[in-house]
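Read the structure below first, then the notes.
Readers should treat all values here as calculations from the given coordinates under stated rules, not as data from a laboratory. Predicted, not measured: the structure shown is a model, and the values here were computed from it. Heads up, the Cβs are rebuilt from the backbone with ideal geometry, glycines too, and the neighbour counts pull from every protein chain shown.
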Ligand SMILES: [Zn+2]
């Protein structure tokens with residue numbers, strides 16, 4: 001099911017994935033000045049096709065290669081003759097049929113392969129120039145897009161929520177923090193998050209998230225210095241066991257938050 005509405009000249013396409021009456025998740029695609037940003041998951045394709053048929057799309061820019069952002073890119077490639085851009089590192093991933101675990105195939109559908117083109121430092125939509133900012137941490141091929149004149153920022157999956165409780169084993173909290181710091185050096189107001197949607201006080205919320213992560217890092221490092229193991233720190237700081245941990249067989253876990261902070265600390269110490 002999708003809902004379409006406008007915010008600051010951006011068409012927000014809010015997709016809700018429901019399976020056997022249970023809400024699996026919300027994921028957005030955005031259309032701005034003829035540029036489609038992300039393409040939703042494959043399981044929403046039947047809902048998204050009428051939107052693609054009713055709206056003029058000149059080009060597609062993908063924030064990263066995850067299947068809930070790239071699921072209908074193959075449909076667009078086959079049915080609309082428009083270029084699809086993404087970070088260099090995501091191109092070979094998307095040129096292959098889906099290589100992600102079963103539980104994600106069940107949640108989001110099975111993405112088909114498609115051919116993407118590499119993004120440069122900027123990308124031009126119909127009448128606006130967007131700056132492409134490399135923001136790894138959630139994914140190695142993750143980018144954000146900013147239109148500096150109007151202060152609108154598309155953050156892909158970098159924000160999600162102010163308080164991070166679980167991450168994937170491929171993510172890194174220190175890298176996410178660096179990417180947030182990088183974004184905060186720009187002048188922007190609102191953000192468009194691929195799962196939380198339009199956030200008017202985007203800059204304030206981003207600062208809140210960075211603040212939370214900085215405190216968390218401090219706590220993890222202190223406990224580690226006191227001699228606690230990664231498992232013990234995880235148990236102490238993250239008591240709640242979210243269902244996704246079991247469903248994903250540990251691909252998602254709060255443990256990865258602790259691990260990524262400690263391994264970064266070791267790296268910093270080794271560099272001294
Ligand atoms: Zn993602």
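If we count other beta carbons within 10 Å of each Cβ, what is the order of 201, 264, fewest first?
Values: 201 12, 264 19.
So the residues, fewest neighbours to most, are 201, 264.
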Exercise. Hey, what angle do you get for helix 45-54 against the long axis of the chain, alpha-carbon based, 0 to 90 degrees rounded to 10?
Worked result: 50 degrees
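Where does the chain land at 222 nm, in deg cm²/dmol rounded to the nearest 500, when only DSSP H runs of n ≥ 4 count, each adding -39500 (n - 2.57), divided by all residues?
Working: 10 runs with 101 residues, N = 272.
After summing the helix terms and dividing by the residues of the chain, the value is -11000 deg cm²/dmol.
For 224, 138, what ranking results if the residue with the fewest other Cβ atoms within 10 Å of its Cβ goes first? Please list the in-between numbers first.
Numbers: 224 18, 138 25.
By the 10 Å Cβ count, ascending, the order reads 224, 138.
Over segment 60-128, calculate the relative contact order: mean separation of alpha carbon pairs under 8 Å at least 6 apart, over the residue count, as a percent.
On the way: 89 pairs, mean separation 26.2, N = 69.
Computed value for segment 60-128: 38 percent relative contact order.
Have a look at the DSSP beta bridges in the chain and tell me what percent are antiparallel, nearest 5.
Close to 75 percent.
With Kirkwood's inverse mean 1/r over C-alpha pairs for Rh, give me the Rg to Rh ratio of segment 143-272, two decimals please.
Details: Rg = 15.8 Å, Rh = 15.7 Å.
Expressed as Rg/Rh, it is 1.00.
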Problem set entry | Helix 255-271 axis, angle to the chain major axis (alpha carbon atoms, nearest 10°) | 70 degrees
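Give me the tail of P(r) for segment 1-145 as a percent: Cα-Cα pairs with distance above 17 Å. Working shown, then result.
Working: 6062 of 10440 pairs.
In whole percent, the long-distance tail amounts to 58.
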Problem set entry | Contour minus Cα-Cα distance for residue 266 and residue 55 (0.36 nm per residue) | 70.9 nm
Exercise. On a 0 to 90 degree scale, rounded to 10, what angle separates helix 173-184 from the longest Cα axis of the chain?
Worked result: 50 degrees
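In which sequence would 205, 182 go, from the one with the fewest C-beta neighbours within 10 Å to the one with the most? Intermediate values should be presented prior to the final figure.
Details: 205 19, 182 15.
Ranking 205, 182 by Cβ neighbours within 10 Å, fewest first, gives 182, 205.
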Exercise. Tell me, what is the percent relative contact order of the chain, built from C-alpha pairs under 8 Å that lie six or more residues apart?
Worked result: 14 percent
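Within 10 Å, count the other beta carbons around each residue, average over each peptide in 44-53, 227-236, 119-128, and list them highest first. Before the final figure, lay out the partial values.
Values: 44-53: 16.5, 227-236: 14.9, 119-128: 13.4.
Packing proxy ranking, top to bottom: 44-53, 227-236, 119-128.
For the chain, take N as its residue count and report Rg(C-alpha) divided by 2.2 N^0.38 Å. Walk me through the numbers before you get to the answer.
On the way: Rg = 18.7 Å, N = 272, 2.2 N^0.38 = 18.5 Å.
Computed over Cα atoms of the chain, the ratio equals 1.01.
Which of rounded, prolate, oblate describes segment 39-121, given a ≥ b ≥ c as roots of the alpha-carbon gyration tensor eigenvalues and a/c under 1.5 marking rounded, otherwise prolate only if a/b is larger than b/c? Walk me through the numbers on the way to the answer.
Numbers: a/c = 2.01, a/b = 1.08, b/c = 1.87.
Here segment 39-121 falls in the oblate category.
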For this session: Could you tell me the distance between the Cα centroids of segment 32-58 and segment 222-239, to the nearest Å?
Result: 44 Å
